[in-house]
Each structure stands twice: as C-alpha cells, then as structure tokens.
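Please treat every number below as a calculation from the coordinates, not as lab data. Because the structure is a prediction, the values reported are computed rather than measured. Neighbour counts run over all protein chains shown; Cβ positions are idealised from the backbone, glycine included.
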Amino acid sequence: SKAKGRNTISFFDYSMQEAADRHLQLESNLRLALQEQQFTLYYQPQVDANGEMVSAEALIRWLHPLQGLIAPSEFIPLAEDTGLIVQLGQWVLSEACQNIKRWSEQDLTFRHIAVNVSAKQFQQSDFVEQVAAIVNNSQIDPRQLMLELTESGLIDNILQTVEKMRRLKKLGLSISIDDFGTGYSSLAYLTAFPLSQLKIDRSFVNDVTDNRSNEIVVETIIHMADNLGLEVIAEGVETQEQVDFLLQKGCKLFQGYYFSRPVPAQELAAKWLRKPNG
Ligand code: C2E
Ligand code: CA
Ligand code: CA
Ligand code: CA
C-alpha cells in the first residue's frame, strides 16, 4: 500500500541520515585524533627461518580516550575517503622514523622498518619530497625504511609510478608490494618497477596447507620473486605447518601471529631487538 511504501521510505531515509551522521562524527573524531595525537604505532616482527627478527612492520592503532584501541580497518577507509590519510600517513612515516632513530641510537639492530603507504598518499604529486623531508629531519639511515605499497595504487599511471619509485630508491629506501596476488596481477609492471620485495597476501598463506590452488599461487609467487631477484615474505603465518610448507618452497621470511602479534614499540625493543653480539 501507499502508506507502507511511505513508511519504508521514511525508515530508509532515517537510517541513511543516521549513517551520514555517524560518518561525519567519525570524520571529526579523526581530525581531533590527529590534533591530539591519539595514534600510536605497533610493530610486528618479520623473522627468518630461525625465528630471529630481521625487520618489522609498523601498524597504526587509534588509542581513543573513551573507546580504547581501535583497529585500522575501522578508520583507514574513512581516512582515505576524506583525504585525511595524507596527513595520517605523514604522521605514520615520521613516527616510524623517530622510532628507527631511537633504536639506532640504542645500538639495537634490524634491517628495516616497513611502513604502509596508501594509494592516495603515494599519488600525491609531492609524495617523494614529503618522504625525503621526513627522512632528512629524523636523520635516519634511509636504508632502514621500507615502504609497503599495494598494487591498486600503482597501475593508474605506470610512468609516474616508476619515476617516483626510482627517486625513492635513489634516496635509499626500498619498496615492497603488499598483499601481492590480490590485485591486478599484471606481470609487466613487476619488471618495470624497482622493487625489493613481494609480500604474499595472507589469504593465500592462510589455508596453504589444505587448499591446492593456494599452494600453487604461493609456489608461483615464490618462484617469480626468485627469478626477478626479489625478496619474498609471507604474511599471516599462523601455524608450524605453514612455516614448513613455505620453507620447503624457498620462502625465507615470515610474519604472523605464529611468531608474534603486533606489539607496542617498547615491547618490540625489549623482546625482539638485539644488540650486535648481545
Ligand atoms: P596489512 O598491511 O596487510 O597488515 C597486516 C594485517 O594483518 C595487520 O592488521 C596485522 O595485525 C594482521 N596480521 C598479522 N599477522 C596475522 C596473522 O597471523 N593472522 C591474521 N589473521 N592477521 C594477521 P591491522 O594492523 O589490523 O591492519 C589492517 C590493515 O590496515 C593493514 O593491512 C593495512 O592495510 C592498514 N594499515 C595498518 N596500518 C596502516 C598505516 O599506518 N597506514 C596505512 N595506510 N594503512 C595501514
Ligand atoms: Ca602491510
Ligand atoms: Ca598485507
Ligand atoms: Ca591487507
């Protein structure tokens, strides 16, 4: 009936309004959080075949004064939509560089810290200048900084991407392709981009021991990386069986709950970072 239709429409409008309000609320909360420095970085170790830490990935957390720890899946998408990701990404880079600097001064050794860079952030025309400024200000060894990029942001403008990557590499940074295998699997750009690492997406690693097609995907990525002279790391490693399979296929770097969850910076330093010969 007409009345029912009207009700349905008004109910629909109401929930749309609610969703829009929540969206606005979260957006203003995000802006405030940036001002008030409510973000923090956790670090997840990346280990070798002996389980020793080689590097670590920085992962953002929002320490909300009322809601507690908020996972990135709750706010990164909105930060991307609103463009706040650019500012947030700059904060992440400078915070990671400050930690790198502190740990180096304490003689704690590691190869690099990997930082996630969103497509929108990477596509800023002055992205390389932003990174260079942050690296210079923090006075770190740029070789200790790796950027993790996802495939999605790289193929829009291949020439520009290649150019940016070359300049980043010239600065001393290295680049990893995150969630590898989930995006446009164009092999052409793999050889065009000056990459250091491929990171096998955790969806493939997850059931690699009981899914034959994932087994083949993982094996193929490892061989491909090998042939291209790229390092390969598996993320989302949760079991010994996964480690055994990956090792047998030639993967030598691992990241996942099996070894450690992401931990606060201080805990990384206390439990995972080592002094040379210490
Ligand atoms: P990602 O870059 O693929 O990061 C890996 C995610 O997998 C992290 O979730 C990590 O905690 C989780 N993880 C690690 N080991 C395991 C495991 O063994 N099993 C399972 N099930 N999960 C595991 P987190 O920290 O919630 O981050 C989610 C995503 O948010 C990240 O995915 C990344 O896309 C984004 N993100 C996190 N920090 C940043 C950041 O600083 N900047 C940007 N742009 N994005 C970020
Ligand atoms: Ca990542
Ligand atoms: Ca990933
Ligand atoms: Ca992911």
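Quick notes
- Helical mean residue ellipticity (222 nm; -39500 (n - 2.57) per DSSP H run of 4+; nearest 500) of the chain: -15500 deg cm²/dmol
- Convex hull volume of the stretch 38-99 per residue (C-alpha atoms, cubic angstrom): 103
- Student exercise, the stretch 116-267 dipole from Lys, Arg, Asp, Glu Cβ charges, in Debye to nearest 20: 580
- In terms of overall dimensions, the chain has a Cα radius of gyration and Dmax of 20.8, 80 angstrom.
- Remark: C-alpha extents of the stretch 188-267 on the principal axes read 38, 34, 18 Å, sorted largest to smallest.
- Whole-percent pair-distance distribution, where bins are 10 Å wide, for the alpha carbons of the stretch 47-169: 11, 40, 35, 13, 1
- Mean separation of Cα contacts under 8 Å, 6 or more apart, over the residue count of the stretch 80-210: relative contact order %: 22
- Choice from HIS223, HIS112, HIS23 showing the highest fluctuation, given a GNM over the chain with Cα pairs closer than 10 Å: HIS23
- About its Cα centre, the dipole of the stretch 189-264 is roughly 220 debye, where the only charges are +1 on Lys and Arg Cβ and -1 on Asp and Glu Cβ.
- The chain: relative contact order in percent, alpha carbon pairs under 8 Å with at least 6 residues between: 19
- Taking the C-alpha atoms only, the angle from helix 2-35 to the longest principal axis of the chain is near 40 degrees.
- Between helix 84-105 and the chain there is an angle of about 30 degrees, using the helix long axis and the longest principal axis of the Cα atoms.
- Taking the Cα centre of the stretch 105-196 as reference, the dipole from Cβ charges on Lys and Arg (+1) and Asp and Glu (-1) amounts to some 280 debye.
- Seen against the Cα atoms of the chain and their longest principal axis, helix 212-228 is set at about 60 degrees.
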